[in-house]
Amino acid sequence: MAMTEYLWMVILGFIIAFILAFSVGANDVANSFGTAVGSGVVTLKQACILASIFETTGSVLLGAKVGETIRKGIIDVNLYNETVETLMAGEVSAMVGRGDVTADSWSV
């Protein structure tokens, strides 16, 4: 199977994953620091710096475990050894669906 014909799916998946990671991280930060900033315990700049440090540290230290859980604990990727493009399309579709839910929450 020539993977070059599916390069667009990899690129689209990367872009969607980046946007989703950014929005989920922003939501986490808002939940964590919203009260502290609102009450004046920390400034917005301090909250952004702390959030950048701890969100990055968390993703670097624990990101591999999340990938392992998805790969081994949720789906059996060996079922798709013959149809890798189906697995890729399913993953991109799931991210697009999650992105749609995320975008809907922004309009509320």
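For the chain, the Stokes-Einstein estimate of translational diffusion at 10 °C and a viscosity of 1.306 mPa s comes to 97 µm²/s, using the Kirkwood hydrodynamic radius over alpha-carbon pairs. With each label modelled as a point 7 angstrom along the Cα→C-beta vector, the Ile49-Ser93 pair spans 4.7 nm. Between 0 and 90 degrees, the angle of helix 7-39 with respect to the longest Cα principal axis of the chain falls at about 20 degrees. Packing here is the average count of other Cβ atoms within 10 Å per residue, and on that basis the peptides 45-57, 77-89, highest first, run 45-57, 77-89. If R0 is taken as 25 Å, the Cβ-Cβ distance between Ala26 and Thr69 corresponds to a FRET efficiency of 0.65. Were the residues from Tyr80 through Ile15 laid out at 0.36 nm apart, the gain over their Cα-Cα distance would be 21.1 nm. Based on protein heavy atoms only, the chain ends up with 75 Å² per residue of surface accessible to a 1.4 Å probe.
The values are calculated or read from the model by the stated rules, or taken from the named source; none is laboratory data. Source: prediction; values computed, not measured. Methodologically, a virtual Cβ is constructed for each residue, glycine included, from the backbone with ideal geometry; neighbour enumeration extends over all protein chains shown. Accessible surface is based on the protein model in full, side chains and every heavy atom, while ligands, DNA and RNA are left aside. Shrake-Rupley method; radii C 1.70, N 1.55, O 1.52, S 1.80 Å.
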